[in-house]
Structures are given as structure tokens and as C-alpha cells.
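Everything on this sheet refers to the single structure shown next.
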């Protein structure tokens, strides 16, 4: 999955799109950065899983309450070595369940990462945005009632299955509390949550790998959406340009915001309003204002970011 993410991130490293914060247009970025961010998160998940595997890969043969009353500790060492496990330093009748809880919690974090990616794709596939969407093969049906529908059903499935794994993590933490040196309340739970969690995460990984590999990406729609707000996404550039001219930041903010609000409320063009504003035009030339409305400015460090990931 990480390999596919890195390949597609590099494919779209210079493809401009709008960055959104709180669901609202913020400033330009690239679609490749979005994919690269997911790759970085998957890398951390791999590290977490490797650590969790180490924590849970232990064994014990120390008797009814962990005192080796009827077996030599050396037998435990030899048996664990044969099985590729590390002998636990101290146990009761069972290995303590915090280890298993860490493993299942790690799976829940991975599932949440996958859901995060799936949810972003679902949002980008909204009719009102449609910057990317799941591959839709010829003859596929999106809805039994509405022939026009192209629904992100696979990403929705990943989102649903992630909820199951997170629920299993809660159950795993409940298993930590056992009576005295052991009771069997954990056993019935683990028979369900361990295979269920591992199978679900494995399925979601394979499913999402295919989704990203065949993801349909629409750069023209990204450019169209960038321009939908009539230049509002360049407001900070105007603000900084005024500050660099010696205007107090709060004063500059008021000047820029009043023109931005005209765009929101009256649909007036932000760039035109900025050029007409007497306060702003007294400090910025038309050429300086024009320079603020170039989205390439926001992308000038993209290659440096990719270089951090050896891309």
C-alpha cells in the first residue's frame, strides 16, 4: 500500500488543488502532497505494528501461577526459542493481556488511518467537488433506483470495517483486568477480536491499495474548484504583502477582510475589490497585487518536501 501511495504521490506531485481547513477553501497545495501525507502515516503505522509484534511475541511455560513449580525454566527458554518467541520475564497462569491490548489497539490505529484515507476519497468524490473518485468499471451499478449514481461503496466499506476494529480495541483493553492470577473472561473475547481484527485490517489494506492504485483523478476539476471563490484563497498573500510594506498586521487584516467579505456576501470579485481599495492600492502597485494571485507561489517548496521522502 505504501508503495502505491508513493508512486501516485509522485505522479501528482505538481498537480495543484485547493487545501481545505474546516471544510472551507484555505490555500493551494498539490494532490501529490495529500497522497504523500497518507504514505507518511502508513510508514508510522508500519513502525507501530513492528513494535506491537515484538511486544506480543512472547511465551511462557511457568506453571499454574508463574512459579515454575513443576518445570525447569530452561524448558521454557528452549521451547520459546523453537517457536521464535521471547520468554516472558514474569507471568501468572497467563501472559498479561496489556500486550494483546497494545496489538489490537495498534490494529485499530491502522484501521483508523485507512478510514481517514477512505473518508477523504469519499469527500473528494462528492458531486459538488468531484476531484477524485473510485474506479467505476463499465456496467457497474451505483444504485438500483438511480442509474446515474457512481457511489464510493468500497471506501464506505473500509470506513465501516474500521469501526469494528476500533470496537475490538475497547474489548481488548477490557481484557487487561483479570481476577488475581487468572480468570477466563478474556478467552471468549480474544477468540473473536483477534482473528476479526487482523482479517479486517488485512482486507481493508488490500481493498484500499486497489482503490488508490486505480483512483480516478481530475486535475481540471481541481483547478476549477481553486477558482470558485473568486481569488479569496490569495487573501493571506495580500495581507503579508501589506505587512512587508510596513502596515500594522491588524490594520492590514481589516483592509483585506472587508474585501473578502464582499466576495462571500455580495459575490463581488475579490481581486477586483482589492485593486479598487484605496488603502491597499496606496501601498501596493497593480503589479505587486498581480503577483499575489499566482498559485505557483504556494507550490515552490513541494520538491523539497518530497525530497524528505527520497522522492
Checklist outcome for this item: Stretched fully, the stretch from residue 26 through residue 248 gains (0.36 nm per residue minus C-alpha distance, one decimal, in nm) 77.6 nm
Checklist entry - Cα axis of helix 235-244 to longest principal axis of the chain: angle in degrees, 0 to 90, nearest 10? => result 70
Next on the checklist: Based only on other Cβ atoms within 10 Å, what is the fewest-to-most ordering of 137, 34, 286?
Outcome noted: 137, 286, 34
Checklist entry - When the Cα centres of segment 284-302 and segment 175-200 are compared, how far apart do they sit, in Å? => result 58
Next on the checklist: Using a Förster radius of 22 Å, what is the FRET efficiency between residue 164 and residue 46 based on their Cβ-Cβ separation? Nearest 0.05, please.
Outcome noted: 0.55
Next on the checklist: Let me check against my output: what whole-number percent is the relative contact order of segment 168-309, with C-alpha pairs under 8 Å and at least 6 apart?
Outcome noted: 17
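Averaging sequence separations of C-alpha pairs under 8 Å and six or more residues apart, then dividing by the length of segment 232-292, give the relative contact order as a whole percent. Don't skip to the end; give the middle numbers.
On the way: 42 pairs, mean separation 23.0, N = 61.
Over segment 232-292, the number comes to 38 percent.
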Item to check | Gyration tensor (alpha-carbon) shape descriptor, segment 120-253, a/c threshold 1.5 | outcome: oblate
Next on the checklist: What FRET efficiency comes out for residue 119 versus residue 143 if R0 is 25 angstrom and r is the Cβ-Cβ distance? Round to the nearest 0.05.
Outcome noted: 0.75
Checklist entry - Say we join alpha carbon atoms closer than 10 Å with springs in a Gaussian network model of the chain; which of 161, 226, 146 then has the biggest fluctuation? => result 146
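Take the Cβ-Cβ distance between residue 220 and residue 184 as r, set R0 to 51 Å, and report the resulting FRET efficiency rounded to the nearest 0.05. Intermediate values should be presented prior to the final figure.
Numbers: r = 61 Å, r/R0 = 1.19.
The formula returns an efficiency of 0.25 here.
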Item to check | the chain: angle of helix 185-213 to the longest principal axis, Cα-based, in degrees nearest 10 | outcome: 40
Item to check | Relative contact order computed over the chain (Cα-Cα under 8 Å; 6+ residues apart), in percent | outcome: 19
Item to check | Under 17 Å from the residue 290 label point (7 Å along Cα→beta-carbon), backbone N, segment 229-261 | outcome: 238
Checklist entry - Under the rule of -39500 (n - 2.57) per DSSP H run of 4 or more residues, summed and divided by the residues of the chain, what mean residue ellipticity at 222 nm is obtained, to the nearest 500 deg cm²/dmol? => result -19500 deg cm²/dmol
Item to check | Helix 249-266 vs. the chain, principal-axis angle (Cα, 0 to 90°, nearest 10) | outcome: 80
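At a 10 Å Cβ-Cβ cut-off, how would you order 179, 264, fewest neighbours first? All intermediate terms of the calculation are to be shown ahead of the outcome.
On the way: 179 8, 264 12.
Ordered from fewest to most neighbouring Cβ atoms within 10 Å, 179, 264 come out as 179, 264.
Pull out a ≥ b ≥ c, the square roots of the eigenvalues of the alpha-carbon gyration tensor of segment 232-292, then state rounded if a/c is under 1.5, prolate if not and a/b is larger than b/c, and oblate in the remaining case. List each step's numbers first, then the result.
On the way: a/c = 1.75, a/b = 1.38, b/c = 1.27.
Verdict is prolate for segment 232-292.
Values in this text are rule-based calculations from the coordinates and carry no lab data. Please read all numbers here as calculations on a predicted model, not as lab measurements. Reconstructed Cβ throughout: ideal geometry from the backbone, glycine too, with neighbour counts over all protein chains shown.
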